[in-house]
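The values are calculated or read from the model by the stated rules, or taken from the named source; none is laboratory data. Computed from a predicted structure; not experimentally measured. As a convention, Cβ positions derive from the backbone with ideal geometry for all residues, glycine included, and neighbour counts pool all protein chains shown. Surface areas here come from the heavy atoms of the whole protein model, side chains and all, with no ligands, DNA or RNA. Shrake-Rupley method; radii C 1.70, N 1.55, O 1.52, S 1.80 Å.
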Amino acid sequence: MIRVPAEAAGPFPDAWRYCVGTGRLDLALRRDYQDSLALLQRDIGFRHIRGHGLFSAGMAVHRPYTHQGTRHVHHSFTHLDQVVDAYLAAGVRPFLELGFMPPGLASGDRTVFWWRGNITPPRDPAEWTALVRATLTHLIDRYGPDEVRTWPVEVWNEPDLPDFWQDADEGAYHRLYEASAHAVKDVDAGLRVGGPAVSPGAGEGWLERFAEFTGGRNVPVDFVSRHAYSSGPAQHVPFGVHQTLAPAGKLLDQFAEPRRTLKGTRLADVPVHITEFNSSYRPDNPIHDTAFHAAYLAPVLAAGGDLADSFSYWTFSDVFEETGVPTALFHGGFGLLTHRQVRKPTYHLYAFLARMGPALLTRGDDHLVTRHPDGRVTVLAWAPVDPSGATPGPDGHTLRLSLPVGGRGEAFVRRLTVDEEHGNACTAWRRMGSPRSPRPHRLDVLHEAAEPARGHRRLPIEDGRVDLPLTLTRHEVTFVELSPVDDETPPWWDERRLLGREPE
């Protein structure tokens, strides 16, 4: 029995809700994307959204042209305005990433992804900084300085990897960061700029050298960003991959790394944003679609706020095309949602967290307990998983909590559950034969299968406490809410008389 204290240990950090990832920004022009975002915000409510491609060809911001023999540049914000308008209408703000290089400004033709984001430095640094200034000036003119100051501005994506920055040239990135950061502050000193958005594989010293460079040249850094993934090398199969996984604690170690590394530097106390995290770094790994994935990430979401100011799940939707257009409804995409808004188990993990209270009562290896201001006690519990595939025995994973509910009499207990059989549309999809494009009636079945199991009951309150026994099945994540019953049943109610007969 775990006796949960009645007094709060402090606030429960909601760093998990600060930001979520997305595919390239111009995908936000699609109806399926916007429908998915609306559902996400209704059930979870992220505060920011971050994606690649702000300056890539699909957004068409940088438009060079020649007139009377002279080259000029026109900055067009047609798509950008529509994207930002869609975000704000959904109740989420941009977390801007400056990248990739516009084709008309690139110094080379090296690209990444199916949609060909250019990863080379600018041919003309002055033209790049003019682009940054013009874009932020436009956003402030359109949305107001007080609004845009709440949008962090990150310079580039994973410059330590040759796939994302030509030759992973650290010196060239430092020069890009310096020029970009000053350009941001030239527009408005209240804008927040940061980086370097390095990958989990960043070589030793990347963050330290970034701190040294920016400190030595008095370059503004309002936050430090890093990414976190826990998967091994990709084992390729057609239209997919399989990978080994490290224990989920590796993600927490990566969340903690910037503050550990930067201790004693000028950046020791700046906010830390993990602007991408997931188990696998591949958008075609079937682990993302499973109940295992929700149970695997539960302890990360429960504890990550102690280590970073935010950690952004990569990504909210399978409307995502880095390796090409997905070939099936379930294809191992990063998304919390498939196309057509079928919710995955990890979506429910986030939705459960969104129902937790702001006051932290206790936290353990398999549970999190919080309280709402109105007195409701909420529990998130999960069956611990091992990346080797080990699971609880045939009797499941047991957990027993003594919860400080208060009051007397009985408590109303509400429970929502996701596991291999419940809240798990992928299980139903595979039993259907894994249809790549489910017909409408089958899509309806999948939406139905994505609903978590729901149950409710009463439990006795003794000395202001409820004894809550939980048995969790394989890969289960469960949410429980408890509150004292204020019984308003009329005294003449008698269930035995439902058919109009006098009780014997």
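A few remarks follow.
- Strands (runs of 3 or more DSSP E) enclosed by the stretch 427-504 - at least 2 residues per element that are surrounded by 15 or more Cβ atoms within 10 Å (Cβ to Cβ) and in contact with a helix residue (DSSP H, G or I) (Cβ under 9 Å, 6 or more places away or on another chain): 477-484
- Checking each residue in the stretch 381-398 for being surrounded by fewer than 24 Cβ atoms within 10 Å (Cβ to Cβ) and either among the polar types (S, T, N, Q) or at pLDDT 95 or above (or both) picks out S388, T391, T398.
- Restricting T261, T244 to residues that are open to solvent by 20 Å² or more (accessible area, probe 1.4 Å), under 21 Å from A202 (Cβ atoms), among the polar types (S, T, N, Q) and touching a helix residue (DSSP H, G or I) at 6+ places or on another chain (Cβ under 6 Å) narrows the list to T261.
- Tally of residues being of a type in the set (V, I, T), open to solvent by less than 20 Å² (accessible area, probe 1.4 Å) and assigned to a helix (DSSP H, G or I) across the stretch 131-160: 3
- Scanning the stretch 17-57 for residues that are open to solvent by 20 Å² or more (accessible area, probe 1.4 Å) and aromatic (F, W, Y) returns a single hit, Y18.
- Close pairs (7 angstrom Cβ cut-off, 6 or more residues apart or separate chains): in contact (Cβ under 8 Å) with a residue 12 or more places away in the chain and part of a helix (DSSP H, G or I) in the stretch 21-46, open to solvent by less than 30 Å² (accessible area, probe 1.4 Å) and among the polar types (S, T, N, Q) anywhere: Y33/S317; S36/S317
- The listed residue being open to solvent by 10 Å² or more (accessible area, probe 1.4 Å), under 30 Å from V272 (Cα atoms) and modelled with pLDDT under 95, out of T323, T362: T323
- Taking every residue in the stretch 481-504 that is modelled with pLDDT under 85 and pairing it with any residue that is not in a loop (DSSP other than H, G, I, E, B), at least 6 positions away or on another chain, the pairs with Cβ-Cβ distances below 6 Å are P503/R496.
- Spans of strands (runs of 3 or more DSSP E) in the stretch 58-130 with at least 2 residues open to solvent by less than 30 Å² (accessible area, probe 1.4 Å): 96-98
- Some residue of the stretch 267-276 being modelled with pLDDT of 95 or more, in contact with an Asp or Glu (Cβ under 7 Å, 6 or more places away or on another chain) and hydroxyl-bearing (S, T, Y): yes
- Candidates L337, L301, L401 - the one that is in contact (Cβ under 8 Å) with a residue 40 or more places away in the chain, under 22 Å from L37 (Cα atoms) and either touching a strand residue (DSSP E or B) at 6+ places or on another chain (Cβ under 6 Å) or open to solvent by 30 Å² or more (accessible area, probe 1.4 Å) (or both): L337
- Here L459 fulfils each of the conditions (1) of a type in the set (A, V, I, L, M, F, W, C); (2) under 30 Å from the mean Cα position of the chain (by Cα); (3) more than 18 Å from L361 (Cα to Cα) apart from (2).
- The residue list T378, T370 contains one member that is out of contact with any Leu (no Cβ under 7 Å at 6 or more places or on another chain), modelled with pLDDT of 95 or more and either assigned to a strand (DSSP E or B) or open to solvent by 20 Å² or more (accessible area, probe 1.4 Å) (or both), which is T378.
- Single condition R282 does not satisfy, out of (1) more than 21 Å from V20 (Cβ to Cβ); (2) among the basic types (K, R); (3) touching a residue at least 24 places away in the same chain (Cβ under 8 Å): (1)
- For the stretch 202-235, the set of residues classified as among the aliphatic types (A, V, I, L, M), in contact with a strand residue (DSSP E or B) (Cβ under 8 Å, 6 or more places away or on another chain) and in a loop (DSSP other than H, G, I, E, B) consists of A202, V221, A234, listed by residue number.
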